[in-house]
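Following: one structure in structure tokens, then a few remarks.
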Amino acid sequence: MSLTGVRYTKGFLLNLKRRLEFIRDAHDLLEMKRDQLMAELRKALERFKELRRIVEDEMEEVCRELSLLHSTLGSADLETYSAYLRGRMEVKIIPRSVIGVVIPMLREIDIPDYTNLYPPQIIPLAEKTSTLMRDLAKLAELEAYIENLAEDLRKTNIRVNALEKVVIPSYEETIRRIQGVLDDEMLEEIIRLKQIKETLTRRRAT
Amino acid sequence: MTTYLVCKCHAYKSRLLPRRLILELASLSRLEEFVEILSTIYGRRLSEAKSLWDVEAALTEMFIDRLSTLLKISFENIREFLIQYYRRFEVQNLIRIMRMKIARESAERIKELIIPSERLGGMDLDPFVRARDFNEFISLLSETMYRKICEMEVENPLILESMFRWIYYRGVFDKISKIPRDDRRDAMEVLGMELDLHNIRVCMLPMLYGYDRRLAEKLLIDNPAGKSKILLMELRSIKELLEEFPRYRSFIEALMRREEWRAEIEYFRILKSEVDKKRISKYISFFYVLKYILDCEVEYRNLRSIAISIHHNLPVDVRRGLLILPRA
């Protein structure tokens with residue numbers, strides 16, 4: 001790729017050199033951001049793996065408790081127990097910026113209280129389900145965080161590669177070309193001046 | 001006339017499923033197999049069952065049939081006592097209706113959840129099912145034996161549930177005089193055990209789940225045949241409970257482990273084992289009828305538990321652990 005609107009002047013060359021320097025700085029900065037994002041992503045993935053394992057265990061435990069309770073109490077009783085639940089689960093989400101990446105953060109998870117409200121038979125299941133819902137919300141938050149980080153990493157990578165493989169080489173190429181043309185022009189100028197000088201010297205001698 | 005009823009109960013008892021068959025049913029892998037095997041004993045009603053819900057409904061029907069048969073062959077005082085004794089299923093229905101009214105469920109949905117308790121001499125529950133809302137449900141109680149409930153202004157429905165049970169047990173204890181004199185003490189003892197177990201569970205609510213102690217005190221039910229409410233209110237730790245109720249150790253331990261499902265099984269195991277202990281001495285007494293009723297309920301619960309655990313594909317050893325079986 002070559003730049004358009006190229007003018008073969010010294011001013012333009014200086015301007016291009018300044019821009020190239022700025023682009024190189026930006027490239028270095030983006031590279032640093034990429035490394036930081038990679039480290040952050042790796043840490044988040046570790047956390048995700050751990051939390052997912054916990055959630056899976058909790059899910060298994062809730063399913064086990066539910067099937068045991070269902071087997072002992074029967075479908076009708078189990079179905080009517082949930083009637084006393086007041087309110088519903090609510091989650092407040094606020095956006096947060098990490099290294100320029102906007103991620104959703106769960107401010108608070110409000111799970112309806114069952115204390116003093118539920119018949120005793122259902123409380124352990126309610127407790128376990130409540131913990132599971134809380135952790136599921138955290139897992140969803142972490143998943144969104146990882147997705148956004150990965151998306152930003154992908155974009156940063158594209159930018160770094162574009163700068164490294166396309167923009168910087170094209171600037172360097174253009175600078176080299178302008179430099180070459182300007183050098184040729186300067187050489188022509190010197191030769192021309194030399195010829196004029198020789199002509200003037202010959203005229204003076206005659 | 002009591003002798004006739006007791007003899008009939010002995011005959012009916014022979015139709016209950018043996019332990020070996022229950023264990024075999026618990027090891028089946030598909031609900032269809034369960035229905036197929038049980039249909040030969042339970043008849044057409046079960047063979048038409050297509051889903052778990054149908055199986056549960058068919059088992060309930062069969063259970064109610066067995067209990068209503070006893071009403072048909074009993075007379076006067078015994079019949080009066082049995083009707084009151086069977087009101088436990090009416091109370092169970094009323095509690096379910098109340099819960100569903102609070103959840104604003106439709107009458108059709110509620111109908112699916114209740115058992116046909118009117119066939120056991122109970123009142124017609126249709127007006128309660130069709131009540132527009134919870135307030136209308138409560139106002140309908142004013143013309144029944146549960147009228148005390150509509151006089152109360154209670155915020156927490158758990159207290160209402162407890163009131164239903166209190167009215168039921170008070171009624172049963174009142175009717176104890178209708179059964180033969182020799183059986184009264186034993187019948188009272190069984191009812192007392194039921195209440196003790198209920199009260200223990202309530203007592204443990206603040207210890208295990210942080211429930212308000214004053215609420216727990218309101219949920220306790222007077223027990224004329226067991227430990228008094230005042231004594232229970234004084235028990236502040238599980239250790240004290242275990243010392244006070246050593247024979248309910250397995251029940252209390254299950255609650256301590258927060259295994260409510262196991263506590264539910266232990267509740268019936270304890271009752272059954274206590275009733276079974278008297279089976280020889282009470283072989284030709286009215287108490288045997290109560291034992292037969294408990295055996296019917298245990299079989300109903302066992303079969304329902306097997307059907308549901310097959311549906312959930314629980315391991316065979318877990319399924320067997322959920323059964324209420326006499327020791328081999």
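Any read-out appearing in this document is the output of simple, stated calculations on the displayed coordinates, not a laboratory observation. The shown structure was predicted, so the numbers you read here are calculated from the model rather than taken from an experiment. FYI the Cβ positions are ideal-geometry reconstructions off the backbone, even for glycines, and counts take in every protein chain you see.
Per residue, the average separation of C-alpha pairs within less than 8 Å and at least 6 apart gives segment B:65-168 a relative contact order of 28 percent.
Give me the percent relative contact order of chain B, please, defined on Cα pairs under 8 angstrom at least 6 residues apart. Relative contact order for chain B comes out at 24 percent. Long hydrophobic helices in chain B, taken as whole DSSP H segments with a C-alpha length of 15 Å or more on their own axis and mean Kyte-Doolittle hydropathy at least -1.0: B:2-13, B:31-42, B:52-72, B:76-102, B:157-175, B:181-209, B:260-277, B:287-311. Charge dipole (Cα centre; +1 on Lys/Arg Cβ, -1 on Asp/Glu Cβ; no other charges) of segment A:45-136 amounts to roughly 420 debye. Exposure proxy ranking for B:Trp166, B:Trp53, based on other Cβ atoms within 10 angstrom of each Cβ and starting from the fewest, stands as B:Trp53, B:Trp166. Dividing the mean sequence gap of close Cα pairs (under 8 Å, 6+ apart) by how many residues segment A:44-117 holds gives a relative contact order of 22 percent.
Using the Cα coordinates of the protein assembly as shown, the gyration tensor eigenvalues translate into equivalent-ellipsoid semi-axes of 82, 24, 21 Å, sorted from longest to shortest. Does segment A:26-169 come out rounded, prolate or oblate, given a ≥ b ≥ c as the square roots of the eigenvalues of its C-alpha gyration tensor, rounded meaning a/c under 1.5 and, failing that, prolate meaning a/b above b/c? It comes out prolate by the Cα gyration axes. Arranged from fewest to most other beta-carbon atoms within 10 Å of their beta carbon, B:Asp186, A:Asp183, B:Asp54 become A:Asp183, B:Asp54, B:Asp186. Between A:Glu147 and B:Tyr283, the FRET efficiency estimated from the beta carbon spacing at R0 = 60 angstrom works out to 0.25.
A Cβ-based charge dipole, computed about the Cα centre of chain A with Lys and Arg at +1 and Asp and Glu at -1, lands at about 2180 debye. Per-residue shielding of A:112-123, expressed as the average number of other chain Cβ atoms within 10 Å of the residue Cβ, stands at 5. In this simple spin-label model, placing a label point 7 Å from the Cα along the Cα-to-Cβ direction at both B:Arg185 and A:Glu185 gives a separation of 12.5 nm.
Based on the mean of other Cβ atoms within 10 Å per residue, sort peptides B:34-42, B:57-65, A:161-169 so the most packed one is first.
So the order, starting with the most tightly packed, is B:57-65, B:34-42, A:161-169.
Which trypsin sites (Lys or Arg not before Pro) in segment B:1-103 pass both tests, a DSSP loop state and at most 16 other beta-carbon atoms within 10 Å?
B:Arg15, B:Arg30, B:Lys50
Between B:Arg213 and A:Glu108, the FRET efficiency from the beta-carbon distance, with R0 = 25 Å, is close to 0.30. Go ahead and run the numbers for FRET between A:Ile94 and B:Arg20, Cβ-Cβ distance against an R0 of 45 Å, rounding to 0.05. FRET efficiency, A:Ile94 to B:Arg20: 0.10. If you take all other residues with their beta carbon under 12 Å from the beta carbon of B:Cys296, and give Lys and Arg +1 and Asp and Glu -1, the sum is +2. Placing pseudo-labels 7 Å out from each Cα toward the beta carbon at A:Glu60 and A:Asn161 gives an inter-label distance of 4.0 nm.
Ranked by the mean number of other Cβ atoms within 10 Å per residue, highest first, peptides B:302-312, B:113-123 order as B:302-312, B:113-123. Projecting the Cα atoms of B:Ser106, A:Ala39, B:Ile306 onto the charge dipole of the protein assembly as shown (Cβ charges, centred on the Cα centre) puts A:Ala39 farthest toward the positive pole. For chain A, the longest principal axis of the Cα atoms and the long axis of helix A:10-73 meet at an angle of about 10 degrees.
Per-residue Cβ counts within 10 Å, from other chains only, averaged over B:112-121: what number is that?
On the way: counts 3, 6, 2, 2, 0, 0, 0, 0, 0, 0.
So the per-residue partner count for this stretch is 1.
Put +1 on the Cβ of each Lys and Arg and -1 on the Cβ of each Asp and Glu in segment B:180-285; which of B:Leu215, B:Ser237, B:Ala263 then has its Cα farthest toward the positive end of the dipole? Checked the options; the winner is B:Ala263.
Report the paramagnetic label zone for B:Val316: residues of segment B:5-44 whose backbone N is under 14 Å from a point 7 Å from Cα along the Cα-to-Cβ axis. Only B:21-30 fall inside the zone, counting backbone N under 14 Å. Restricting attention to segment A:26-169, the count of lysine pairs at 8 or more positions apart or across chains with alpha carbons under 26 Å apart stands at 17. If the chain linking B:Glu240 and B:Glu112 were pulled fully straight, counting 0.36 nm for each residue of separation and taking away their Cα-Cα distance, it would gain 41.8 nm.
Dipole magnitude for segment A:1-73: about 1080 debye, using +1 per Lys or Arg Cβ and -1 per Asp or Glu Cβ, origin at the Cα centre. Note on A:Asp35 and B:Glu80: their simple-model spin labels are 9.4 nm apart, each label 7 Å out from Cα toward Cβ.
Candidates A:Ala26, A:Val91, A:Ala137 compared by Cα position along the dipole of chain A: farthest toward the positive end lies A:Ala26, with charges placed on Cβ. Exposure proxy shown here: for B:Arg201, B:Arg147, the number of other Cβ atoms within 10 Å sets the order, fewest to most, as B:Arg147, B:Arg201.
Please compute the average number of Cβ atoms from other chains found within 10 Å of each residue's Cβ in peptide A:78-85.
Values: counts 1, 8, 13, 2, 2, 10, 7, 2.
If you average over the peptide's residues, the count of other-chain Cβ atoms is 6.
Past 32 Å, Cα to Cα: identify those pairs from B:Lys218/B:Lys272; B:Lys72/B:Lys229; B:Lys8/B:Lys229; B:Lys229/B:Lys277; B:Lys178/B:Lys277, in the order given. The answer is B:Lys72/B:Lys229; B:Lys8/B:Lys229.
Is the shape of chain B best called rounded, prolate or oblate, per the rule: a/c under 1.5 gives rounded, else a/b larger than b/c gives prolate, else oblate, with a ≥ b ≥ c the square roots of the Cα gyration tensor eigenvalues? In terms of gyration-tensor shape, rounded.
Counting only helical runs of four or more DSSP H residues, what would the 222 nm mean residue ellipticity of chain B come to if each run contributes -39,500 (n - 2.57) and the total is spread over all its residues?
One gets -22000 deg cm²/dmol as the mean residue ellipticity at 222 nm.
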